[in-house]
Amino acid sequence: MCGRTSCHLPKDVLARACAYRDRQGRQRLPEWKDPDKYCPSYNKSPQSSSPVLLSRLHFEKDADSSERIIAPMRWGLVPSWFKESDPSKLKFNTSNCRSDTIMEKRSFKVPLGKGRRCVVLADGFYEWQRCQVNSQRQPYFIYFPQAKTEESGSVGTVDGPEHWEKVWDNWRLLTMAGIFDCWESPEGGDLVYSYTIITVDSCKSLNDIHPRMPAILDGEEEVSKWLDFGEVSTQEALKLIHPTENITFHPVSCVVNNTRNNTPECLAPLNLLVKKELKASGSSQKMMQWLATKSPKKEEPKTPPKAESDVPQWSSQFLQKSPLPTKRGSAGLLERWLKQEKEEEPEAKRPHNQ
C-alpha cells in the first residue's frame, strides 16, 4: 500500500521537473490548474492535497490529449455517485486501489472506463517495516535511484524561453499511476477532484518491508501512455501496471510517524546501528543542504535553478535492506552491511566531486 508521501518542491520548480514533449515533439511544461491549492510538504497523508499530472483534454474539449496539466487533488477518491454532503463519511478507504480488483469495484471501474487516469507526483513515499523481535515499526523512504543527468543546456531548445531557461536535471520525481474522479456535493459548491493510487505486489527488494507498493510508471514513455486516454485504450494502459525493481530506499527517523511533522528530517537517511542521525559529512551533508535550501517554508518563486552541487547524492551504504531482523537471514545481511561500511569509509572523507 501507499499511505504517506513527500512532495516538497515549490510549484514553479515542480513544473520544471515535469517537462515533457508533446505529440509534435516540442518541449513543454505542464500548466497549473488551481496552483494556490498546492501545499508543498515532506509528509503528505490521505485527505491532504497532492499534485497530479493529467491530460488537458479532461478540461478542454478540443485539446490535444498529449498536453498535460498539473492539478492539486484530494488524496482519497470520492466517487462521483457519492450522495452524502461530507466526503469523510465515505465508509471505505479509497486512498489506494488494488490492481487485481480495479475492474470489480464500481468506485474505480467507472472513472477508469471514462479515461480518468492520472500520475501522482512525489519525491518518494514512506513505508513501515515491522521488526520480528519487538514489533516496532521502522519507516523507510522509497524513491527512484538518482543518477547524474546531461547538462541542462545540452538537452534541446525549449519553446517559450520567457518561462524557463533550463531543462530539469535535478531530483527525479516518483511517478505513480492513479485514477481520479470529480464529485459535486448535493448541497452545491465547488467541484472536488480526488484520486487514488493503484497498488501492486511489491518487487523483490521491497518485499521484506511491505507486501504492496504503488504501481510506478518508469520513464516518459510509460507516463505518456498512461495519461493519453485519447489515444491509448484502458486495456493497453493497464499493461503498464506491474511492480518495478528500479527503486531504492533508506531508513528514516520515526519523526515521520506524526503527520504534523513537516521538515527535511522526515526523509533524511538514518543509521540503524546507532539509532541517530548521521553526522554531516560527504554526500549526506549535501543532501541535507539541498533539503534545507528547498524547504517549503523558504519558497521564493523567482529563485534561479540551483547548481549541480545542490543535488542530493545519498551514499549507497544507506540504500541496502534493513539490518533489523527479518525472515531472510539478517545476521549475514548485517555482516555484509558492516563490511561495506568499512570499505566505503575512506572514500567518504574525500571531497565529493560529482
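The values are calculated or read from the model by the stated rules, or taken from the named source; none is laboratory data. Just so you know, these numbers come straight off a predicted model, no measurement behind them. Here Cβ is always computed from backbone atoms with ideal geometry, including for glycine, and neighbour counts include all displayed protein chains. Protein only, heavy atoms only, side chains kept; ligands, DNA and RNA dropped before computing areas. Shrake-Rupley method; radii C 1.70, N 1.55, O 1.52, S 1.80 Å.
Checked against the criteria, residue 38 counts as more than 26 Å from residue 200 (Cβ to Cβ) and hydroxyl-bearing (Ser, Thr, Tyr). Cβ separations smaller than 7 Å between residues 6+ apart or across chains give the following pairs from segment 60-78 residues that are at negative phi to residues that are of a type in the set (Asp, Glu) and outside any strand (DSSP E or B): 64/22; 65/228; 65/231; 66/22; 66/228; 67/22; 71/34; 72/34.
Determine whether residue 66 is open to solvent by less than 40 Å² (accessible area, probe 1.4 Å) and hydroxyl-bearing (Ser, Thr, Tyr). Criteria met by residue 66. If you take the residues of segment 200-218 that are touching a Lys or Arg at 6+ places or on another chain (Cβ under 9 Å) and charged (D, E, K, R), which of them is most open to solvent (accessible area, probe 1.4 Å)? Looking at the filtered set, the residue picked out is 201. Filtered by the rule that a residue be within 18 Å of residue 175 (Cβ to Cβ) and surrounded by fewer than 22 Cβ atoms within 10 Å (Cβ to Cβ), segment 69-81 gives 69, 72. Residues in segment 134-146: is at least one at positive phi and at pLDDT 85 or above? Within segment 134-146, none of the residues are at positive phi and at pLDDT 85 or above. Taking first residues from segment 126-142 that are touching a residue at least 60 places away in the same chain (Cβ under 8 Å) and closer than 16 Å to residue 247 by Cβ and partners that are assigned to a loop (DSSP other than H, G, I, E, B) and of a type outside the set (A, V, I, L, M), the Cβ contacts under 6 Å between residues at least 6 apart in sequence or on separate chains come to 126/4; 127/210; 129/322. Just one residue in the set 114, 109 is among the basic types (Lys, Arg), under 19 Å from residue 223 (Cα atoms) and surrounded by fewer than 18 Cβ atoms within 10 Å (Cβ to Cβ); that residue is 114.
A search for C-beta distances below 6 Å between a residue of segment 250-272 that is farther than 14 Å from residue 140 by Cβ and any residue that is open to solvent by less than 10 Å² (accessible area, probe 1.4 Å) and assigned to a helix (DSSP H, G or I), counting only pairs 6+ apart in sequence or on different chains, returns 264/291.
Can we say residue 49 is surrounded by 15 or more Cβ atoms within 10 Å (Cβ to Cβ), among the small types (Gly, Ala, Ser) and touching a strand residue (DSSP E or B) at 6+ places or on another chain (Cβ under 6 Å)? Here the answer is yes, as residue 49 does meet what is asked. Just give me the residues in segment 219-251 being open to solvent by 20 Å² or more (accessible area, probe 1.4 Å), touching a helix residue (DSSP H, G or I) at 6+ places or on another chain (Cβ under 9 Å) and under 21 Å from residue 171 (Cβ atoms), in sequence order. Selection gives 245 alone.
Out of 283, 224, I need the residue that is modelled with pLDDT of 95 or more and either over 27 Å from residue 3 (Cβ atoms) or part of a strand (DSSP E or B) (or both). Which one? Criteria check complete, one pass: 224. Between 31, 60, 84, the distinction of being modelled with pLDDT of 95 or more, more than 27 Å from residue 265 (Cβ to Cβ) and open to solvent by 70 Å² or more (accessible area, probe 1.4 Å) belongs to 31 only.
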